[in-house]
Amino acid sequence: MKRATSPPHGPMMNRNAPRLSFPTRMLRAFHPVPLLVVLLVSVFILPPYGPARAADGLQAEDGVLDLRGFDPETMGPARLDGAWEFYWDRLLTPQDLAANPAPSPSGLLSLPGTWRGMPVDGERLGGTGQATLRLRLRLWPEANTLTLRLFDIPMAYRLWANGQLVAMNGVVGTDADSETPLRSLVLATITPEGENLELVLQISNHHFRAGGVPEGLLLAPPGPLETERDRTWTFSYFFAGCLLITLLYHLFLFHLDRKQVSAGYFSGFCLCILCFCMTSNTSFWAIRRFLPPLPPQWSEYVPLFFYMACAPMLFRFYFSLYPKVFHPAVRHLVDLRFAIFLLLLPIAPDHRISEYIAFSILVGLGCAIYYVVRLCSCARRGMNGAGLLLLGSAASLLASLNDGLSHIKHINTPYLIEFGMLFLIVTQSLALAKRFSHAFVSVGKLSGELERKNQSLLAEMEERNRLEQEVINISEEERRRISHELHDGLCQKLTGARLRASILSKRLAGTDDSTTMDSLAALLDASTDDAYRTSRGLWPVEHDPAMPGPSLDDLARRIAKDTGIDIRLEMRRHCGRCTNPNMRTLYRIAQEALTNAANHAQAHTIRVRLRCPAQDGVILTVRDDGIGRTASARQGARTGGLGLGIMAHRAGVIHAKLTIEDAPQGGTIVTCAAPCDKHASPSATRRTPPDASR
C-alpha cells in the first residue's frame with residue numbers, strides 16, 4: 001500500500017471578513033510567526049538529503065555485494081541495493097540452490113524494485129506471480145551479529161540466511177487462494193559465520209499490482225535499526241495523541257453548536273487520519289503493539305478505507321468555511337473516487353484494487369494542489385484564517401510530494417507525512433485561537449450592547465406600565481366623578497320628578513288623565529332606577545371598610561337582584577385590613593366576569609371567591625354553572641370580545657395572571673392571581689355566608 005498524501009485543513013472562520021487592500025491582506029495572511037516555523041522546518045528536514053543512492057555507492061553486481069570496506073559506525077546501515085539473482089516462477093530453498101547442477105537464474109532484478117515489465121525469455125512479466133531472489137554478501141570483519149530490516153513488502157515472503165530461516169511474513173503460495181499476504185516491519189537477527197553471507201528470499205504476489213521488493217533491505221549491527229523503529233513509534237504515538245485531542249475538541253464544539261459543521265467535518269477528518277496512520281506503514285503499524293493484528297484480508301483494506309475517506313471529509317471542511325471559493329464539483333469528484341473504491345472492494349481482484357489506489361493517489365495529489373491554489377485566493381481576499389490554513393496545506397502538500405518521490409527512489413529522504421499532518425494541526429490550532437479571540441471580543445461587545453438595550457427596554461416597559469396605570473387611575477377617577485354627578489344631579493332630579501308624578505297621579509285618580517299620569521309615573525320610576533343603577537355601576541357608593549375600592553358584596557347583591565341569579569361570595573384574607581392597590585382592578589375584573597356570566601353563560605349559580613393567603617398574593621375566582629365557552633361557541637355566541645380583552649389588559653397592567661377555561665363539570669372558570677407585596681399581621685378569616693337575596 002502506498003503512502004497516502006493528505007491535504008490540509010483548518011478551523012471555522014468568519015467568511016464575511018472586511019476586504020483589505022492587497023498589501024495589508026497579504027501581511028495579515030502571511031503572519032511572520034507561521035512563516036518562521038515553515039522556514040525552521042525546511043531548514044531541519046530538507047537540506048541533508050539528496051538523490052537516492054546506496055551508501056558510498058555500494059551496489060550489488062551479478063548477485064554479489066562486497067561490504068568488506070564498509071564501516072557501519074560512520075556510514076550507517078548498509079543498503080542491500082543492486083542486482084540480485086532472480087529465479088522467476090520458482091520458489092526455491094537454499095538446498096535447491098545448492099543442488100548439483102544448480103538452477104540457473106532467469107536474470108537479475110535490481111532492488112529496490114519490482115519485476116513488472118522485466119523481460120524473461122523474450123516476454124515482459126506481469127505484476128503477479130512468484131519468484132526467488134538470492135544475494136551473496138562479503139561482510140566487514142566485525143560483522144558478528146547483524147539485524148536485517150524488511151519493511152513494507154506487501155506480499156508473502158520467506159527469508160533464509162546461510163540456509164537458516166530467519167524471517168517470514170504471511171504464507172507464500174502459487175495462486176491467490178494459497179497465498180496470504182501480510183504487510184509489516186520485520187527485524188531479523190542474523191549470526192553469520194565468517195565473512196560470507198547468503199540471503200535467499202522467496203516472494204509470491206497474487207494480490208497487488210506489482211511483485212518485488214519496493215523498499216530496500218537494510219543491514220546493520222544491533223541497535224541503529226531498533227532505535228529508528230522505536231523513534232518512529234514514539235513520534236507516531238505523540239502524533240496520535242495530538243490528533244485525538246484535536247478530534248475530541250472539535251467534536252465537542254460541534255456537539256455544543258450543530259451549526260458549526262466545519263468542526264464536525266474536521267473531527268471526522270482527524271479520525272480518518274488517525275486510523276489510517278496508526279494502521280499503516282506510516283507509523284510502522286504502531287497499533288499492533290496494543291491490539292491484535294487484523295485478519296490478513298482486512299489488514300490491507302482498513303487503512304485504505306480511512307485514507308480514501310479523508311478526501312470527502314477534507315473538501316467538506318474547506319467548503320463549509322469558504323463556500324464561494326471552493327467549487328462544489330470537486331466534492332462530486334472526491335465522493336466518486338471513494339464510492340468506486342467501495343464498489344471495487346467486494347468484486348475486484350486485489351491487484352486491480354491496488355492499481356486503482358495508485359490512480360487515486362494521483363487524484364488526491366491533484367486535489368491537494370487545488371486546495372493550496374484556492375486557499376491562496378482566500379488569503380489574497382483577506383478571509384479570516386486563510387493564511388494559516390494555506391501554510392498548513394502547503395506543508396502537508398510538500399510532505400506528500402516528499403513521500404511520493406522517496407517511495408519511487410527519486411530522492412533519499414525519510415517519510416514526512418506525519419510531520420506534515422502535525423504541522424497542519426498546529427496551524428489549524430493557531431487559526432482556531434485567532435478565530436476564538438475575535439469571537440470573544442465580538443461576544444463582549446455584543447453583550448455590552450445587549451445589556452444596554454435590555455436596560456433601555458426595561459425602562460421603557462416600566463414607563464409604559466406606569467402610564468397605563470396612570471391612565472387606569474384617571475379613568476377610575478373619571479368614572480367616580482361621573483357617578484357622583486349622576487347621583488347628585490340627574491338621579492336627584494329624577495327622584496323629585498317621580499315624587500311629583502306620584503302626587504299628581506293620586507290627585508287625578510278617577511279623572512280622564514289618570515291613566516296618562518300613571519304611565520308617566522311608571523316611566524319616571526324606571527328611569528330613576530336605571531339612573532341609580534348606572535351611577536352605581538360606574539362607581540359604587542358602598543365600599544368595603546376592610547378593602548380599598550368598591551365593595552364586592554354590593555356588586556354581588558346588585559347583579560343578583562337585577563338578574564335573579566344565585567350569586568355566592570366568599571372572601572378569605574390574610575390581612576386584617578387590605579391595602580393592596582390592585583384590589584380596584586380586581587373589582588373591575590370581577591364585575592366584567594359576573595356580567596359575562598349573567599348575559600352569555602345561561603348560568604343559574606355563580607360562585608365568587610377571593611383568597612389572600614400569606615405571601616401568595618390575591619386570587620380571584622369567578623365560577624358559573626352555565627353552558628361554558630365551548631358550547632357557547634357552538635351556538636354561535638362569541639367566545640371572546642371587548643370585555644375579555646379589557647380583562648386581560650387590566651390583569652397585565654398589575655402583572656396578574658388571568659386564565660379563562662371551561663370547568664370539568666360544565667360552566668366557566670375565570671381566575672386572576674395578582675401580586676401583593678404588603679402584608680399586615682394575620683387576623684381572623686372573614687367569610688361572607690351565601691345569601692340568595694344578593
Quick check on packing: order 581-589, 487-495 by the mean number of other C-beta atoms within 10 Å, highest mean leading. 581-589, 487-495
Pairs 506/561; 445/657; 259/445: which are spaced more than 26 Å apart, C-alpha to C-alpha? 506/561; 445/657
In terms of modelled amide H atoms, which long-range or inter-chain residues lie less than 5 Å from the amide H of residue 60? 81, 82, 83
With a bin width of 10 angstrom, please list the P(r) values of the range 197-291 as percents of all Cα-Cα pairs, from the 0 bin to the one holding the largest distance. 13, 28, 28, 18, 10, 3, 0
Quick one: which residues, 5 or more positions from residue 280 or on another chain, have an amide H under 5 Å from its amide H? H modelled 1.01 Å from N in the peptide plane, none for Pro or chain starts. 285, 286
Taking 0.36 nm per residue of sequence separation and subtracting the Cα-Cα distance, how much length would be gained by fully extending the chain between residue 665 and residue 71, in nm to one decimal? 203.3 nm
Estimated distance in nm for a label pair at residue 261 and residue 471, the labels positioned 7 Å out from Cα along Cα-to-Cβ: 4.8 nm
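Taking square-rooted eigenvalues a ≥ b ≥ c of the alpha carbon gyration tensor, is the range 184-236 rounded, prolate or oblate, where a/c under 1.5 means rounded and, failing that, a/b exceeding b/c means prolate?
In terms of gyration-tensor shape, oblate.
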If the label point is 7 Å along Cα→Cβ of residue 59, which residues in the range 71-108 have backbone nitrogen under 18 Å from it? 78-86, 107-108
Ratio Rg/Rh, restricted to the range 82-215 and using Cα atoms, in which Rh is the Kirkwood radius: 0.96
Using a simple charge model, +1 on the beta-carbon of Lys and Arg, -1 on the beta-carbon of Asp and Glu, nothing else, what dipole does the range 82-215 show about its Cα centre, in debye to the nearest 20? 220 debye
With a Förster radius of 56 Å, plug the Cβ-Cβ distance of residue 577 and residue 447 into 1/(1 + (r/R0)^6) and report the FRET value to the nearest 0.05. 0.75
Packing rank of 283-289, 152-158, 192-198, 529-535, where each peptide gets the mean count of other beta carbons within 10 Å, highest leading: 152-158, 283-289, 529-535, 192-198
Residue 599-residue 99 pseudo-label distance in nm [points 7 Å out on the Cα-to-Cβ vector]: 12.0 nm
By how many nm would the segment from residue 234 to residue 513 grow when fully extended, if each residue of separation counts as 0.36 nm and the alpha-carbon distance is taken off? 87.8 nm
Take peptides 394-404, 590-600 and line them up by average Cβ neighbours within 10 Å, highest first, as a rough protection proxy. 394-404, 590-600
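Bear in mind that the values in this text are calculations on the coordinates, not laboratory data. These figures come from a predicted structure and were not determined experimentally. No Cβ is skipped: glycine too gets one built from the backbone with ideal geometry, and neighbour counts run over all protein chains shown.
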